[in-house]
1. Scanning for something polar (S, T, N, Q) and either within 27 Å of the chain's Cα centre (by Cα) or at pLDDT 90 or above (or both), does the stretch 291-307 turn up at least one residue?
2. Pairs, please: C-beta under 7 Å, at least 6 apart or cross-chain, first residue touching a residue at least 24 places away in the same chain (Cβ under 8 Å) and in the stretch 728-742, second among the polar types (S, T, N, Q) and surrounded by fewer than 20 Cβ atoms within 10 Å (Cβ to Cβ)?
3. Condition first: closer than 15 Å to residue 41 by Cα, of a type outside the set (S, T, N, Q) and touching a Lys or Arg at 6+ places or on another chain (Cβ under 9 Å). Now tell me which residues in the stretch 64-108 satisfy that.
4. Could you tell me which residue of the stretch 697-740 is farthest from the chain's Cα centre (by Cα), considering only residues that are among the basic types (Lys, Arg) and at pLDDT 75 or above?
5. Please go through the stretch 369-401 and give me each residue that is of a type in the set (S, T, N, Q), buried (at least 19 other Cβ atoms within 10 Å of the Cβ) and under 30 Å from the mean Cα position of the chain (by Cα), ordered by number.
6. Considering only the stretch 192-210, how many residues are closer than 16 Å to residue 301 by Cβ and assigned to a loop (DSSP other than H, G, I, E, B)?
7. Only one of 38, 33 is more than 30 Å from residue 367 (Cα to Cα) and acidic (Asp, Glu). Can you tell me which?
8. Take the residues in the stretch 31-65 that are in contact with a Phe, Trp or Tyr (Cβ under 9 Å, 6 or more places away or on another chain) and among the polar types (S, T, N, Q); name whichever of them is nearest to residue 92 (Cα to Cα).
Amino acid sequence: MPELHTTLVLVLASLPVCLVLGALFVVLRRKAELRRFERSARERALAKSRGTDKARLQYPNIDLTSCVGCGACVDACPEEGVLDLLHGQAVVIHGSRCVGHARCEDVCPTGAINVTLGNVSTRKDLPAIDENLGAIGVPGLYLAGELTGFALVRTAVEHGTAVANHIAHEIKSQRLNTTSSDRPDLLIIGAGPAGLACALRAKELGLSSQIIEQSESLGGTVAGYPRRKMVMTQPLRLPLHGKLPKLEYQKETLIELWTSLAEKHNLDIVTNSQVTAIHKTPEGLAVETSTGRYTAPYVCLALGRRGTPRKLGVPGEDRSKVLYSLIDSESYSNCNILVVGGGDSAVEAAIGLSRQPGNTVTLSYRGKDLTRVKSKNEKRILEAASNGTVRLIFESNVTSIEDESVTLRIGNDRSEHTETIPNDFVFVMVGGIPPFKLLEEAGVSFDPADRPTSDITQNKGTSVLPALVALLICALGIGIWVAMHSDYYSSPVSFRPASPWHEKLRPSGPIGLPLGVFAVSLFVWNLSYLIRRSTRLAWLLPGSLKFWMGTHIFSGLLSFLVVMLHSGFAVRQTVGGHAFLALLIVVASGLIGRYLYAFVPRAANGKELDLEDLKSRLAVLSGAWDRHGGTFGLHVRKTIDSLADEGRWRGGLLARIRHLVVGQFVLRRTIRSLRTEARREGVSDDVRLEIEVLARTAFRVSLQIAHYEEIRAVLSSWRYIHRWLALLMVLLTVAHIVTAVRYADLQWPSLSELWP
């Protein structure tokens, strides 16, 4: 007893310290969370102002009704700045940086995110193709890879493989006899990732194919990358080779692999052959090239989008020092070099050239900012500019190229001047002219009306529905069992020993004991979800994270039902009874987090969109004043931005009350100031009244966002309750098992004992 008293005193003495440490942890984490949300909101506003919030082609669509804010998608995205968390849910920040890796979609446990095509309803640079990559209106002609608008190597390989699969199915279903001594089953234009994958898969399926490549080497667009450039392949499987184990490869390694596969499988490749036309014939399709005419019933166009390099169209561009690609930056040293362009290729070339000894590198871009580059490239070029290794000249255009100099026109219409800089080489990296003319002449349509319509925001669903169906079946079985033994389960605990079923149905009996063991196995299965979520241990468990989320829900709910049956629907004042209560709270908090929590952050993010729309209206309204050279529009925007952001990211009840009370006085003072300045600037009464309405609305919406955020922060505690109570439940379960093994009269079942 003295030892127990001493232990109790120590526990009680340490309890205040633990509570204070816990409160300190919550406060610090809350402050860090608010800082992150503030950065996300500002970055999203910046992305919207720069136009990088919209999709180039693919785009992550987020279903906020399903997002639980776990952040797995943010951590998984290889491209920095595409996604982030705002008010406890995932939001798109720089949508233009999405290139379609779809890792966010793979790791989302609730299926709340789908990477689909963005709004391409008005784009005329994408061919009209069906779900099998066939050109609409041109039977037998298929498109694959970069030509369809998808730039990833993995996607190109998938496209090439899919085309070969579909053609093989077509030949088999139509029972076509394509065997011919003078023509192949399939002509493939382009020996890049898509073309080579198509040829390898065709070989694997027993089809004959022939590749026509305009250059001397294989690799397509990848072959034109700078030396030793890392190419992100993501997990992919090459036909007749298997899965590539790494996620990134040097350009030279990929080219060597493709070349070895082509030689190993005797692929028929015609190099240095330029395609000039494609047209229909009675036998199928004919491809006219610089080396002759080729015919086949099926043609796969696996060309890149770059096509012919885009030129500047300025005097002196025909000089030999003007280049349109950079293969090896180490070949240039002690040179004055101008790089023209604002994309990733131009930025990477400028950085690579600046690292060579003696080079003076200038990057000229016609835009005001680098809005089309990846985040890591933007950081690298800005760092190079700050270090003085690269000179950045925005809003500049090349006007002429001389033997030893280049002349630039710098500035906008208001302040424009020319500058001549010394120059030895000019690298023009402003993109290329895609081979659309060749495709249009072949009958390929680029009319958006010809593209098949699809619901791009349709959620693909999760594995929860099958889990709930399985759970319903199990629950029905348990319900039938309970109904069959209702006399026992409905009687008081003190009366049950008199029942003939007690020896078998009691928790340590031949039926109750296996139920307890089964419940423990369900716990283990349930906790294996944590292994699948781990980035380091996920390889141990196959299957998607959505599947494991479904099994997590199924095993958690089923374990609750099985434990109730194991205990005989009686919660006792024992370790096992306490473990059951912990399990009840864990299940309830999990259901709240999965199905109810998303409402509040969704409302907060909805108000964020309202605030963004309000600021957009204000920008349109004040744009006229900016065009007339006044400063009133800029002043109004800054004032209302400050009004909306004041107190928005300040946590705590006292700060919220202060903002609510003091903010009203600030609002009135701000409106009076705007009203006075509007009269001085000669702004009409109608516009002035609209500005006042916008100011009041911005203040009200910012208050609503702040209140929603505080409520969300409280409700987000479900995640901590779920985790820590689960740990407590596991510890209590272990203690319950140890106690039962040591003291209980355990009776393992035999088949003859299961029924009286």
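The values are calculated or read from the model by the stated rules, or taken from the named source; none is laboratory data. These numbers come from a predicted model, not from an experiment. Glycine gets a Cβ as well: all are built from the backbone with ideal geometry, and neighbour counts include every protein chain shown.
1. yes
2. From the stretch 728-742, the pairs are 740/508.
3. 81, 82, 84, 85, 86, 87, 88, 91, 92, 93, 94, 95
4. Going through the qualifying residues, I end up with 723.
5. Answer for the stretch 369-401, where residues must be of a type in the set (S, T, N, Q), buried (at least 19 other Cβ atoms within 10 Å of the Cβ) and under 30 Å from the mean Cα position of the chain (by Cα): just 377.
6. 1
7. Answer to the selection: 33.
8. This residue is 58.
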